[in-house]
Every structure is written in C-alpha cells, then in structure tokens.
Amino acid sequence: MTSPRALVSGAGIAGLTTAFWLARAGWEITVIERFGAFRDGGQNIDIRGAARDVLTRMGLEDAVRALGTTEEGTAVLDGGGRVIARFPVEDPDGPTAELEILRGDLARVILGALPAGVTLRYDDQIEGVRDDGSDVEVTLSSGATERYDLLIVAEGVRSRTRDLVFGPAAGRRELGVTMAYGTIPRAGDDDRWWRWYSAEGGRQITLRPDRTGTTRATLAFTTDRDLTDLPLEQARAELRRTFHDAGWQARRVLDGFAGSGDVYLDRLTQIDMPSWSSGRVCVTGDAAWCVTPLGGGGTSLAMVGGYVLAACLGRAEVGDALRGYEQWMRPLIEDAQKLPPGTPGLFYPRSALGCGPCAWRLVSAASESCAS
Ligand SMILES: Cc1cc2nc3c(=O)[nH]c(=O)nc-3n(C[C@H](O)[C@H](O)[C@H](O)COP(=O)(O)OP(=O)(O)OC[C@H]3O[C@@H](n4cnc5c(N)ncnc54)[C@H](O)[C@@H]3O)c2cc1C
C-alpha cells in the first residue's frame, strides 16, 4: 500500500511540527518554503501548556532547555526604571515561562529532528490550487504541477494560499497595535529579567536577555496605520518619531535598532476562520488562527496544532480527521483569542495614570479573570 502524501506550505514552527508528526504517522511529506533558505530569525518565544508535552514526545525537551534564553522572570518598571511588580519564574506557564527560547533556535531544533524522507524545498510557493475531491493539484512558482492527498497551509498570518483558497472567509481582526522587534548590544546593567515599561501615548518598551550576549528589544505602540510594508529606513524613522520622548531606555533602543540588521515590524492581527479546512486543503498555525503576542502562546498553539492534526490524520480518513482536528483545536483557540477586557487600552495606556502601579494591578486582575 502506498503512503498518503501531503504538501506542507511554510517551514515555520507550525509547518515543521506538522511535518514531523505526519511523517511519524506514515505520511509522505514535502515541505515548501517561500524564502530561499532556512529562516533563522525571531526573538524570544515560549513553549507552554500542552506544547511542553508535544515537545517532550518529540524527544526535544533537553535540546530546547540547553538553548534556553536564561530569563529569570518578568519585571514591570516605572519611568525611572524602578520595579513596580516582579514575576519570577515559579509557575512553568507564568509571564516568563519555564521554557523560553529564540524562535530561530526552536525552528532549527525541529528542522534537525525531521524524520528521514521528509523533503524540504526552499524558494518555492503555491500559485494555484485545484481540489477535485479525491486529491489536490497545486501549481508552483517553480513551474511544476504536483498532486497530493492533502495540502496543509502553514504560511503564517499573512498567508497567500489561505486567501487564495478561503477568500474573505478568512477574517482579520486588527488590534490596533504594532510591534517592532530587534537585537541590540547588551549593556553593563542589563539583567536577566524581561523588563516592561509603559509610557504615555500607548507606547511600551521591553528588553529581554538571550544566551548569545545581546539584548532583545521590543517597541510596541497603538496605531491604526499599517507600517509593516515600509522600507526599513522609513520604519526606523517612524519608530524614532514615535518613541523619541518615551523615556526610560527609548533612546538606547532606537540607537540600537539603527545598527541592527534584524529589525522587523508586526501589525497585530487575529485571524478568525469559521472552518480550517475545505475539501483537501487545511490551514494550521498563525495562518488559521493567529492569536498575536497579546493573546500569547502562538508558537505553543502551532506545535499543539501540528500534533493534533497529525494524530487525527493518522487514525481516520481525511474528512473525519479534519473535523476531529477542528473539534480539538477550536476551544483552545477561542480561549487564546479572548483578550482581557479593555485590551489593548489596558496594555498600552494612553495617559500617565494608566502607566502606574494601580494600572498594572488592574491588568493582572483582568488577565487572571480572563484565564479562569
Ligand atoms: C522569521 C520569523 C521571525 C519571527 N519572530 C517572532 C518574534 O520575535 N516573536 C514572536 O512572538 N513571533 C515571531 N514570529 C512568529 C511566530 O513564529 C509565530 O507566531 C508562531 O511560531 C506560529 O508560527 P507559524 O509557523 O504558524 O507561522 P510563521 O512563524 O509566520 O511561519 C510561516 C512560514 O511560512 C513561510 N511562508 C509564508 N508565505 C508562504 C508561501 N506563500 N509559501 C511558502 N511559504 C510561505 C514563511 O516564510 C515562514 O517560514 C516570527 C516568525 C518568523 C517567520
């Protein structure tokens, strides 16, 4: 009997995890990635909840621990750099989770663990999809036409193939927050905490340690504009305009970003789809349900999604398996997309009052009531 064949489009955490488990379940897997090489980038992400079990079952927990970012906890600061609140790593799923790693390191660990026989092709992407019910035919930018039993779209929040297949059914919820990530030189007084500072005007600066001797910085701010397509120099100028008077370490981060090669901007957008499959095409990870860093746990959900999808496909025919996948994942996603009341206003307060200790107690209380 021949093995069923799947094409996974996108070699991020969702695509690689799905490929890992589906190959283990006996499927013949091809992964294509739009970029010309493995994507190493990304800042600190965490693996929490059920994703820790998925990681352990993959046999990768020790490898991830060895590459941990060494963060000791999360501290909330006021404008003078004084600590308002501290959350040390005690709870494995606290603000700083037990398993913290750079995104690129996690992707490389999973890539290195892919079972023999998984084919990975860079610099290729889908141009057309034709689903005739018994299999799916894809036309690729390389010019090839290929047939598979299933197409799995794991292309991230701005997925082109998802939009091609599902059209307007893939709803977007813009949260009105843009985040700029970048790596800056480590300063003598940088500690091993994730430091959060909120400035007036819906602006936030965070600094995080890594294990490579640099500091990972984020500038987040409320805006309805989409700045993500700006050329990097223009984006840096926008960041300077927005943060030059934000206080604390704003100037240091702006100067650091001026010399940093990995600055990128993300406009926080939740993806909301009534169904994650249509015939022999299904979506997973951010492409299906992006929860954004405000919801948190996007990488963990990508790993759990890959595991659940493969588990369902390993024991049922495609239609039933995709329905099972949806039933398992839907409650997790609905929970993660439910933001605390007042978000993003509470996380990105516009006035000085909203940046003080009382506001932070309110944010914690709102988050807890939402989680319970
Ligand atoms: C380079 C990079 C850096 C990131 N940095 C951070 C970070 O610092 N902090 C954070 O919280 N999250 C970051 N993320 C997002 C985070 O990885 C995801 O939210 C989460 O892990 C879910 O992953 P995903 O695989 O669903 O989507 P993604 O991580 O977005 O992966 C999607 C993959 O599909 C590829 N792709 C896109 N379109 C196509 C196409 N048409 N055909 C083929 N391939 C395609 C992309 O190049 C990418 O490799 C980053 C993602 C990437 C790709």
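The values are calculated or read from the model by the stated rules, or taken from the named source; none is laboratory data. Not measured: the values here are computed from a predicted model. Cβ: placed from backbone, ideal geometry, glycine included. Neighbour counts: every protein chain shown.
Can you say whether Val76 is of a type in the set (A, V, I, L, M), within 16 Å of the ligand (Cβ to nearest atom) and not in a loop (DSSP other than H, G, I, E, B), as far as the supplied structure shows? No: the conditions fail for Val76.
Which condition from (1) within 16 Å of the ligand (Cβ to nearest atom); (2) in contact with a Lys or Arg (Cβ under 6 Å, 6 or more places away or on another chain) is the one that Thr70 breaks? Condition (1) is where Thr70 drops out.
Scanning the stretch 210-246 for residues that are surrounded by fewer than 20 Cβ atoms within 10 Å (Cβ to Cβ) and part of a loop (DSSP other than H, G, I, E, B) yields a count of 14. Considering the stretch 8-44, and only residues there that are among the β-branched types (Val, Ile, Thr) and buried (at least 24 other Cβ atoms within 10 Å of the Cβ), the residue that is farthest from the chain's Cα centre (by Cα) turns out to be Ile29. Is it the case that Ala11 is within 11 Å of the ligand (Cβ to nearest atom), part of a helix (DSSP H, G or I) and either closer than 22 Å to Asp210 by Cβ or at pLDDT 95 or above (or both)? So Ala11 does not fit the description; no.
Annotation note: of Met273, Met303, the sole residue that is under 28 Å from Leu339 (Cβ atoms), touching a strand residue (DSSP E or B) at 6+ places or on another chain (Cβ under 8 Å) and more than 13 Å from the ligand (Cβ to nearest atom) is Met273. Among residues of the stretch 143-176 being among the β-branched types (Val, Ile, Thr) and assigned to a strand (DSSP E or B), the one that is nearest to the ligand (Cβ to nearest atom) is Val153.
Counting only residues that are part of a helix (DSSP H, G or I), among the β-branched types (Val, Ile, Thr) and touching a residue at least 60 places away in the same chain (Cβ under 8 Å), the stretch 42-69 holds 1 of them.
The residues of the stretch 50-84 that are over 14 Å from Val109 (Cβ atoms), in contact with a helix residue (DSSP H, G or I) (Cβ under 7 Å, 6 or more places away or on another chain) and either in the same structural domain as Thr206 (by TED's automatic domain parsing) or surrounded by 18 or more Cβ atoms within 10 Å (Cβ to Cβ) (or both), listed by number, are Val76, Ile84.
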